[in-house]
């Protein structure tokens, strides 16, 4: 399982290269984890796919230079992988935050994306993420407080909760990520980056319709973060989008995607 770095103008991007098959798959993980969540895909996909599992900025071993990241920068990383593998086209896999990033990149991938696999994608029906769409300056203020004065930042978050803008899940989420400086900065800088990847249900349908890339949306029946019922309501009826549910929660869904990848979407 080779582990290496892509050296870019924006930093050194760590990746795990899994398998040696003809089909090229680029995988983006969710927030707070890293590319290791995709190691489970290597045994069943070894001879079918070559997988580049990326550590996103501020995650894993990636050494990112800035304090946010943009679609242009992720597109640069994708181009570097394609050039390294001598490929023109690829398939994309994204879990949670990674799914959101792929959706926002669709307009930049015309003619290069053979298939898109979204595992419990974030940003469509995640209530508190909608706050980033409506009040980005307030989110930045909150994120700054979290980084420099966690107690004050958490107090501000509880004030937003009292106004019905975020829920108890967000409070628990924040408490977990305030534990040390590394987690605080990861939260802060990823939050900053989200303003470069605006997404909601209407935009997701627009991006998917314009792309026409064959897409699988895999949902977990036990997912309490990204409810399957809510996402199904958003995406049903799109001809080139298949929706499937598996017996998984938000994290274990990554372990159940291999058979769908083998089957493909062509």
Can you go through 5, 15 and tell me which one is over 18 Å from residue 196 (Cβ atoms), assigned to a strand (DSSP E or B) and more than 18 Å from the chain's Cα centre (by Cα)?
5
Segment 245-266, subset in contact with a helix residue (DSSP H, G or I) (Cβ under 7 Å, 6 or more places away or on another chain) and closer than 28 Å to residue 173 by Cα, residue surrounded by the fewest Cβ atoms within 10 Å (Cβ to Cβ):
255
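When you scan segment 31-50, how many residues do you find that are within 18 Å of the chain's Cα centre (by Cα) and either at positive phi or at pLDDT below 95 (or both)?
To start, the set of residues in segment 31-50 that are within 18 Å of the chain's Cα centre (by Cα) comprises 31-41.
Still in the running and either at positive phi or at pLDDT below 95 (or both): 31-33.
So the answer is 3.
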Has segment 51-72 got at least one residue that is part of a helix (DSSP H, G or I) and either within 26 Å of residue 252 (Cα to Cα) or within 14 Å of the chain's Cα centre (by Cα) (or both)?
yes
Name every residue in segment 86-97 that is within 20 Å of residue 212 (Cα to Cα) and surrounded by fewer than 24 Cβ atoms within 10 Å (Cβ to Cβ), in order of residue number.
88, 89, 90, 91
Any chance you could count how many residues in segment 64-85 are in contact with a strand residue (DSSP E or B) (Cβ under 6 Å, 6 or more places away or on another chain) and exposed (fewer than 14 other Cβ atoms within 10 Å of the Cβ)?
1
Among the candidates 47, 32, 21, residue that is more than 23 Å from residue 103 (Cα to Cα), out of contact with any strand residue (DSSP E or B) (no Cβ under 7 Å at 6 or more places or on another chain) and not in a helix (DSSP H, G or I):
47
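Those residues that are in a helix (DSSP H, G or I) and either farther than 19 Å from residue 225 by Cα or modelled with pLDDT of 80 or more (or both), I need them from segment 161-182; list them, please. It would help to see each step written out before you state the result.
Initial filter on segment 161-182 (in a helix (DSSP H, G or I)): 161-162, 168-177, 181-182.
Across segment 161-182, the qualifying residues are 161, 162, 181, 182.
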Counted residues in segment 103-159 being part of a helix (DSSP H, G or I), at pLDDT 95 or above and buried (at least 19 other Cβ atoms within 10 Å of the Cβ) come to 4
Complete set of residues in segment 20-35 that are out of contact with any helix residue (DSSP H, G or I) (no Cβ under 6 Å at 6 or more places or on another chain), surrounded by 15 or more Cβ atoms within 10 Å (Cβ to Cβ) and farther than 17 Å from residue 76 by Cα:
23, 32, 33, 34, 35
Boolean, residue 196 is surrounded by fewer than 18 Cβ atoms within 10 Å (Cβ to Cβ), in a helix (DSSP H, G or I) and touching a residue at least 40 places away in the same chain (Cβ under 8 Å):
no
Tell me, yes or no, whether segment 243-262 has at least one residue that is assigned by TED's automatic domain parsing to the domain that holds residue 25 and modelled with pLDDT under 90.
no
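The values are calculated or read from the model by the stated rules, or taken from the named source; none is laboratory data. These numbers were taken from a predicted model, which means no experiment stands behind them. Here the Cβ is made from the backbone with ideal geometry for all residues, glycine too, and neighbour counts use every protein chain on show.
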